[in-house]
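*Asks:* Quick one: structure below, then a few questions.
What follows draws every value from the coordinates through simple rules; no lab data is involved. Everything numeric here is computed off the predicted structure, so don't read it as measured data. Positions of Cβ are generated from backbone atoms using ideal geometry, with glycine treated the same way; all protein chains shown enter the neighbour counts.
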Amino acid sequence: MKRLIDGAGTIGLVYSWLLSSLQQVDVLFRSQRIREAQKGYDLMLIDKCEKPEMLKRFHYSPKSLPGSKTIMT
C-alpha cells in the first residue's frame, strides 16, 4: 500500500518514518523545503515503553514530492 503524507512538519515526519518500515511513503514538501529534505532529518524519540525511558536517535531521509499544497486541490 502507498501512503502520501501532506507536510513535513514534526507530526508528518514522525508518521512517515513510522509507516516507511511497512509501506511505501511519499512526503509532499513545499518547494522551498526540498533542499532541506534532501539532507534528511535527525529524529530523537523517547521510548516510554522502556524502563528506564530511552532516548533513541534516527536519521531519516524521506522520499519527497516537490510542490505545494495548492497542487493537491
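*Asks:* What nm distance separates the two modelled labels at TYR60 and LEU4, each placed 7 Å from Cα along Cα→Cβ?
*Replies:* Label at TYR60, label at LEU4, 2.0 nm between them.
*Asks:* Looking at the range 1-55, which trypsin sites (Lys or Arg not before Pro) are in a loop (DSSP not H, G, I, E or B) and have at most 12 other Cβ atoms within 10 Å?
*Replies:* Of the trypsin sites (Lys or Arg not before Pro), the ones in loops of the range 1-55 whose Cβ has at most 12 other Cβ atoms within 10 Å are LYS48.
*Asks:* Residue by residue through the range 29-41, what is 3J(HN,Hα) from phi via Karplus (6.51 cos²θ - 1.76 cosθ + 1.60, θ = phi - 60°)? Round to whole Hz and write x for glycine and proline.
*Replies:* Coupling constants for the range 29-41: 9, 6, 4, 6, 9, 4, 4, 4, 5, 5, 6, x, 10 Hz.
*Asks:* So for the chain, averaging the separation of alpha carbon pairs under 8 Å that are six or more residues apart and normalising by length, what relative contact order in percent results?
*Replies:* Once normalised by length, the contact order is 33 percent.
*Asks:* How many nm is it between the label spots at LEU45 and LEU19, if each spot is 7 Å from the Cα in line with the beta carbon?
*Replies:* 1.4
*Asks:* If you take every DSSP beta bridge whose two residues both sit in the chain, what share of them, in percent to the nearest 5, is antiparallel?
*Replies:* Taking every DSSP beta bridge with both residues in the chain, the antiparallel ones total about 45 percent.
*Asks:* While we're here: Would you work out the charge dipole size for the chain about its Cα centre, treating the Cβ of every Lys and Arg as +1 and the Cβ of every Asp and Glu as -1, and quote it to the nearest 20 debye?
*Replies:* That gives a dipole near 180 debye.
*Asks:* Relative to the first principal axis of the alpha-carbon coordinates of the chain, what is the inclination of helix 10-20, with its axis defined by its Cα atoms, in degrees from 0 to 90 and to the nearest 10?
*Replies:* Roughly 80 degrees, rounded to the nearest 10.
*Asks:* Also, quick follow-up: List nothing, just return the count: lysine pairs in the chain, 8 or more apart or interchain, with Cα separation under 27 Å.
*Replies:* 8
*Asks:* As a test of the formula, what do you get for the chain when each DSSP H run with n ≥ 4 contributes -39,500 (n - 2.57) and the sum is divided by the residue count, at 222 nm and rounded to the nearest 500 deg cm²/dmol?
*Replies:* Value at 222 nm, helices only, nearest 500: -6500 deg cm²/dmol.
*Asks:* If you don't mind, another one. TYR41's amide H: which non-local residues (gap 5+, or another chain) put their own amide H closer than 5 Å, with H modeled 1.01 Å from N in plane and none for Pro or chain starts?
*Replies:* Under 5 Å from the amide H of TYR41: TYR60, SER61.
*Asks:* If the chain were replaced by its equivalent ellipsoid, with semi-axes equal to the square roots of 5 times the Cα gyration tensor eigenvalues, what would those be, largest first, whole Å?
*Replies:* In descending order, the three semi-axes are 25, 13, 10 Å.
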